[in-house]
1. Quick check, is residue 154 on the phi < 0 side of the Ramachandran plot, touching a helix residue (DSSP H, G or I) at 6+ places or on another chain (Cβ under 9 Å) and within 11 Å of the ligand (Cβ to nearest atom)?
2. Quick check on my filter: what residues within the range 157-174 are touching a residue at least 40 places away in the same chain (Cβ under 8 Å) and within 16 Å of the ligand (Cβ to nearest atom)?
3. Out of all the residues in the range 132-144, is one or more out of contact with any strand residue (DSSP E or B) (no Cβ under 8 Å at 6 or more places or on another chain), within 16 Å of residue 62 (Cα to Cα), within 14 Å of the ligand (Cβ to nearest atom) and touching a residue at least 24 places away in the same chain (Cβ under 8 Å)?
4. I'd like the full set of residues that are out of contact with any helix residue (DSSP H, G or I) (no Cβ under 9 Å at 6 or more places or on another chain), within 13 Å of the ligand (Cβ to nearest atom) and within 30 Å of residue 28 (Cα to Cα), limited to the range 98-129.
5. Conditions: (1) more than 18 Å from the chain's Cα centre (by Cα); (2) touching a residue at least 24 places away in the same chain (Cβ under 8 Å); (3) not in a loop (DSSP other than H, G, I, E, B). Residue 154 meets all but one. Number of the miss?
6. Condition first: more than 16 Å from the ligand (Cβ to nearest atom), modelled with pLDDT of 60 or more and over 30 Å from residue 121 (Cβ atoms). Can you find one or more residues in the range 36-54 that meet it?
7. Let me confirm something: among 114, 33, 125, 70, which residue is modelled with pLDDT of 95 or more, under 18 Å from residue 152 (Cβ atoms) and either more than 18 Å from the chain's Cα centre (by Cα) or in a loop (DSSP other than H, G, I, E, B) (or both)?
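The values are calculated or read from the model by the stated rules, or taken from the named source; none is laboratory data. Keep in mind that this is a model prediction, so the values were computed, not measured. Ideal geometry is used to build each Cβ from the backbone, glycine not excepted, and the neighbour counts take in all protein chains shown.
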Ligand SMILES: Cc1cc2nc3c(=O)[nH]c(=O)nc-3n(C[C@H](O)[C@H](O)[C@H](O)COP(=O)(O)O)c2cc1C
């Protein structure tokens, strides 16, 4: 009888240990939230369809705003993808500039570098949809880093085109990475994004 009780107690202890191990390995994942954003200087806020938002008194690009929500939900680290060159601030000039850049398939030089990529398990990658594609700095970004063995979580903001072909492109560019279901939100729906992002993070299971 004693032996039986001892065996059951050991089994329960073992189960608890395994559960704790599973939980800690889940929450121990190191998360990096990378994003490219380009707030426009001639808009007022997202209600007018402009590419910028004022949140908590801070002016942010739409994608930057979503990145900050993801950061709060995951407690990961933020990383802004920035280029050496300056993009035009006003809408029309930016749209024209980005079109030329996309057509010429140029890879803009990046000024920000991820320190110690090795330590991260999950990399969120956010961008605005530009010309039914990722902005070209994202191509520079994927050229620069090899995310093999890591989990990529794409997110994007847009004016109606959602991801366009971006998920397919990322899958082709980062063959060694696991790509999770992404989140896209229209710049006109940023007001509901907070709740959506929290639910999405729970659904994809990167955080307990
Ligand atoms: C150069 C440029 C091209 C764009 N092209 C598209 C497009 O093809 N499809 C779309 O849905 N939205 C398009 N948009 C709208 C942006 O995706 C949207 O405003 C986004 O939220 C901007 O994010 P940001 O403030 O983080 O830069 C474009 C905006 C710009 C500036």
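1. Considered against the rule, which asks whether it is on the phi < 0 side of the Ramachandran plot, touching a helix residue (DSSP H, G or I) at 6+ places or on another chain (Cβ under 9 Å) and within 11 Å of the ligand (Cβ to nearest atom), residue 154 comes out as no.
2. The answer is 157, 159.
3. no
4. Once the filter is applied, which keeps residues that are out of contact with any helix residue (DSSP H, G or I) (no Cβ under 9 Å at 6 or more places or on another chain), within 13 Å of the ligand (Cβ to nearest atom) and within 30 Å of residue 28 (Cα to Cα), the range 98-129 yields nothing.
5. (1) is the only condition that residue 154 fails.
6. No; the residues of the range 36-54 include none that is more than 16 Å from the ligand (Cβ to nearest atom), modelled with pLDDT of 60 or more and over 30 Å from residue 121 (Cβ atoms).
7. 114
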